[in-house]
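Accompanying notes for the structure given below.
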Amino acid sequence: MKTKHAIYLVLTIFLAFLFMNGEPMIVKAQQSDQEMNPKLSTEKNASLELKSMIEQELYHQRKDQPTPKIASLKIQNNRIVDQKGKPFVLKGISTPGIAWFPEIINQNSFTRFRDDFGLNTVRIAMYTAEDGGYCTGGDQQNLESRIDQGVQLCQQLNLYCIIDWHILSDQDPLQYKDQSKLFFEKMAQKYGKTPNVIFEICNEPNGNTTWNDVTQYANQIIPTIREHSNNLIIVGTPTWSQDIDQAAKRPLKYTNIAYALHFYAATHKDYLRNKYLQNVNKIPIIVSEYGICDASGNGNIDEASAKQWIDLLNKNQTGRILWNASNKQETSSIFVPDANMETWSCQTFTQQDIGCLTKQIRRNQ
């Protein structure tokens, strides 16, 4: 398989969903050992039924549209709004763990996300645990330099940048609370007055973690950030950021806070969609991570469920960040293995290239 062909088909499948009806969508939750260990692999799946949507949506001339100057975002009437009070929908993509796939942080990729796909946000995911995590023996200086690089690229390209404290196997954010305070104090001192920076303080609390635990954690981290910054802060919710109803019952007593909802379309269907609808007007919600496969990051793509999610998010002006911009061998990755994440481009591909690769992928379904 030629790498350039592979890159393009997988990208188009995900980004066609991302821009359904001119707006992007979002999905993710419980994550598998594959996500925590990039060396594990499974067979990649793709859908053939998106071809017409791809042709209609992907080549819009978004790069010719003027981009408004970045300004700090606020919360108003349970929606994220711009400086004029108009609802602003964050539309973005997340890096994978930057300890494992640092090469995605480059000017070409961020420019392509903005110009070819119309994204306005990049989420920099820094795992706190796992092999090489920030709190488990990872090279903290190197990880922080990758964040610096990502923030600076977003500043140059007029993109919002989410700095994501990506807890997962550590489950309870209180486990590395002290490290988190030091990290966010450093980030807030450095970027607290930078209008395009958003702080995500706990990716996916899970296991036996309760909303009380998250609240206790947030009550220490948020004031640390607020000493230096009034920028938007995203707070994860229990059960892999699905229990937004718990946050709605006892919201945090801070301003400019949004609560994270994560979903994967093939796993999280009517139950979680109903929970979203019941709470979207009670608290500010952002889907800071989503996928259109199952919650493991693998499995088949569920187009019907994905469309239902997209429609709801569009109707309620909810921001969403797609997981993930890597060449890891799993369904949720937008590149196929061995794709060059630094030099890729959409303009070099033809419909004939797509057709050949489509046939090859179809045999694996």
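The figures follow:
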| quantity | calculated |
| --- | --- |
| When each of Lys69/Lys269; Lys249/Lys307; Lys74/Lys190 is checked by Cα-Cα distance, pairs over 27 Å | Lys69/Lys269; Lys249/Lys307 |
| Full-stretch length increase - Gln76, Asn158 - with 0.36 nm per residue and alpha-carbon distance subtracted | 27.2 nm |
| Apportionment of accessible area to carbon and sulfur, region 81-182, percent (1.4 Å) | 41 percent |
| Top positive-direction residue, dipole computed over region 192-344 with Cβ charges, set Leu313, Ser296, Pro251 | Pro251 |
| Length gained when the stretch Leu182-Ser145 is fully extended (0.36 nm per residue, less Cα-Cα span) | 11.8 nm |
| Protection proxy ranking of 135-143, 175-183 - average other beta-carbon atoms within 10 Å, highest first | 175-183, 135-143 |
| Integer Hz, Karplus 6.51/-1.76/1.60 couplings in order for region 303-317, x for Gly and Pro | 5, 5, 5, 4, 5, 4, 5, 4, 4, 5, 5, 4, 4, 9, 6 |
| Region 79-107 and region 164-231: distance between their alpha carbon centers, rounded to Å | 17 Å |
| Region 174-251, relative contact order in percent, only Cα pairs under 8 angstrom and at least six apart counted | 41 percent |
| Where region 146-223 is the region considered: accessible area per residue in Å², 1.4 Å probe | 34 Å² |
| Packing-based ranking, highest mean first, of 83-89, 213-219, 106-112 given that Cβ atoms within 10 Å are counted | 213-219, 106-112, 83-89 |
| Simple spin-label estimate for Thr111 and Thr136 in nanometres, 7 Å along Cα-Cβ | 3.7 nm |
| More than 21 Å apart - percent of Cα-Cα pairs taken over region 64-207 | 44 percent |
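The values are calculated or read from the model by the stated rules, or taken from the named source; none is laboratory data. Source: prediction; values computed, not measured. For neighbour counting, all protein chains shown are included, and Cβ atoms are generated from backbone atoms with ideal geometry for every residue, glycine included. Heavy atoms of the whole protein, side chains included, go into the accessibility calculation; ligands, DNA and RNA do not. Shrake-Rupley method; radii C 1.70, N 1.55, O 1.52, S 1.80 Å.
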